[in-house]
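Presented below is the structure to which this report refers.
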Amino acid sequence: MQGSAIHESMNSDWLQKNWAVILFLAGLCVLAYLPAFNNGFISDDYVILGRLDSLQYDVLFLFQVPPECFRLTSYLCFGILKFFFGYHAAWYYAFNLLIHLINAILLWKLLTRVTRSSQVAFLAAAFFASIQGHQEAIMWLAAMNETLLGLCLLACLHLWDRDLYGLGALVFFVGLFSKESALVFLALLPLLAWRSKGSVRFHRGYALVLGIAAAFAFLFHRLSSSNFMISAGTYAFSFRAVPVLLLSMHRLMFPWIYLAIVLYLAQRRGWKELQSAVWGLAFAAIALLPYIFLTYRNSVTSRQEYLASMGIVWALAVLIHGLGNQQLRRAFILVFLVTNIATIWVKDRQFEQRAVPTNRLIEQLKERTPQNIAIFDFPANPWIAKIAARLAPGWRAEMIYVDPAPSDCPACPALRWDPGTSQYYEINRK
């Protein structure tokens, strides 16, 4: 009876505070990521836009270039956005930010049930909306697969919590074709069930997701020989993954989790909240597992921390809510929000710099009559320069020659990229 009363109270709180909380979370999301709206497309964004042409003629094209076939939902979203908004990047950023907002709302609602505390859940959602650690997933459109993966995870957990296992399995399937790291759902589902209901009861839902996972594993294995991430050694199983996991967890926890633990222990509040916070940290560690076998870094990248940050803010919210001093709690929350949002604004400069070569090229092309042109020292994949030309009226990808041989288009006007001044200068090829 007590559990039923708590559940009814939580539902009442949801109905009463629904719009106020949603508007607050929306305000945090917009405030944090507003600088990204004028960044334009960045590097791999153009690759996705270019591949949309191939998909028009061959819907299975992406299965020829794995692991892109496991990013289908990103391509679908890019295609829809391109249909309605063309090459106006601001709309793409708005869409990705909307996904992030929905994820923050779903995380709030999920943790309200899991922790049985609307205050802890609200704190976690506010932290998640504004935390800077995963900013690349929102500020780089090509990383939209991470926000879409997060949406699938949260939707699956909500359905699972309501015993809607068939629909949950369907969302799991969609998640696998948002990004293959959705396989961590298999561990996160029982973790949340254990935390929420006190035990893990195996049922037909697990059979459904395990069957889907087995079929997916078979497809992944069949395509592994043409998967460039595997053939190039970008992804490899080794003991190196252990220090990568530890360093990645440290980066996620620093400094806020450490500071919260110190403040909590300083007030001698006991071990209850510390034990509860472990659930969030376990969630974060599990969410990192698919990424710790990447070989090109010694820690997980920002965009790949998106799922894990859900666990981090869960743990942080538990610890901060457990502080006995209300003024200290409010000060911590305020400092967290201001510091993280300010950091996102500062980091936006990095994304602007990554977009500069293509944005400057588009500006140059808009000032010229469309014709064949040679581009030298373009600092990214030549394909990106060709696709970027589409954003200038009258220009086509085949008009762009990147670092051509002397015999290629010898009469073409030529531009050279100067990284020192971040400008293109016309040169004489003779």
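The values are calculated or read from the model by the stated rules, or taken from the named source; none is laboratory data. Here the structure is a predicted model, which is why all the values come from computation and not from measurement. We place every Cβ from the backbone using ideal geometry, glycine too, and count neighbours over all the protein chains shown.
General remarks:
- Leading residue by the ranking (nearest to residue 62 (Cα to Cα)) among those in region 222-240 that are hydroxyl-bearing (Ser, Thr, Tyr) and touching a helix residue (DSSP H, G or I) at 6+ places or on another chain (Cβ under 9 Å): 226
- Complete set of residues in region 204-219 that are touching a residue at least 12 places away in the same chain (Cβ under 8 Å) and either surrounded by fewer than 11 Cβ atoms within 10 Å (Cβ to Cβ) or not assigned by TED's automatic domain parsing to the domain that holds residue 67 (or both): 204
- Flag for residue 32 being in contact with a Leu (Cβ under 6 Å, 6 or more places away or on another chain), assigned to a helix (DSSP H, G or I) and of a type in the set (A, V, I, L, M): no
Residues are listed down the side, and each one gets a yes or a no for (1) touching a Pro at 6+ places or on another chain (Cβ under 7 Å); (2) over 26 Å from residue 302 (Cβ atoms); (3) of a type in the set (Gly, Ala, Ser):
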position: 374; (1), (2), (3): yes, yes, yes
position: 383; (1), (2), (3): no, no, no
position: 402; (1), (2), (3): yes, yes, no
position: 407; (1), (2), (3): no, yes, yes
position: 411; (1), (2), (3): no, yes, yes
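- Positions within region 311-348 being crowded, with 16+ Cβ neighbours inside 10 Å, more than 27 Å from residue 154 (Cα to Cα) and touching a Lys or Arg at 6+ places or on another chain (Cβ under 8 Å), in sequence order: 323
- The single condition from (1) of a type outside the set (D, E, K, R); (2) assigned to a helix (DSSP H, G or I); (3) surrounded by fewer than 20 Cβ atoms within 10 Å (Cβ to Cβ) that residue 409 fails is (2).
- Residue in region 416-429 that is of a type in the set (A, V, I, L, M, F, W, C) and over 24 Å from residue 44 (Cβ atoms) present: yes
- When 189, 246, 252, 265 are checked against the criterion of being in contact (Cβ under 8 Å) with a residue 40 or more places away in the chain and either in contact with a Ser or Thr (Cβ under 6 Å, 6 or more places away or on another chain) or not small (Gly, Ala, Ser) (or both), a single residue qualifies: 252.
- Test set (1) β-branched (Val, Ile, Thr); (2) over 29 Å from residue 348 (Cβ atoms); (3) surrounded by fewer than 16 Cβ atoms within 10 Å (Cβ to Cβ) - residue 114 fails condition number: (3)
- Residue ID - surrounded by the most Cβ atoms within 10 Å (Cβ to Cβ), chosen from residues in region 79-97 that are assigned to a helix (DSSP H, G or I) and in contact (Cβ under 8 Å) with a residue 60 or more places away in the chain: 93
- Cβ pairs under 6 Å, 6+ apart, first in region 410-423 and within 17 Å of residue 380 (Cβ to Cβ), second at pLDDT 95 or above and assigned to a loop (DSSP other than H, G, I, E, B): 416/377; 417/377; 417/378
- Candidate set: region 121-133, residues that are surrounded by fewer than 24 Cβ atoms within 10 Å (Cβ to Cβ) and hydrophobic (A, V, I, L, M, F, W, C); chosen: the one farthest from residue 18 (Cα to Cα): 126
- Failed item, numbered, when residue 283 is tested on (1) more than 28 Å from residue 102 (Cβ to Cβ); (2) within 26 Å of the chain's Cα centre (by Cα): (1)
- Flag if residue 296 is modelled with pLDDT under 95 and hydroxyl-bearing (Ser, Thr, Tyr): yes
- Residues being under 18 Å from residue 425 (Cα atoms), of a type in the set (A, V, I, L, M, F, W, C) and surrounded by fewer than 21 Cβ atoms within 10 Å (Cβ to Cβ) - total across region 375-391: 2
- Selection count, region 265-281, where residues are of a type outside the set (Phe, Trp, Tyr) and either assigned to a loop (DSSP other than H, G, I, E, B) or surrounded by 19 or more Cβ atoms within 10 Å (Cβ to Cβ) (or both): 9
A quick yes/no check of all residues on (1) over 21 Å from residue 322 (Cβ atoms); (2) within 12 Å of the chain's Cα centre (by Cα):
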{"residue": "107", "(1), (2)": "no, no"}
{"residue": "113", "(1), (2)": "no, no"}
{"residue": "117", "(1), (2)": "no, no"}
{"residue": "126", "(1), (2)": "no, no"}
{"residue": "138", "(1), (2)": "yes, yes"}
{"residue": "145", "(1), (2)": "yes, yes"}
{"residue": "162", "(1), (2)": "yes, no"}
{"residue": "168", "(1), (2)": "yes, no"}
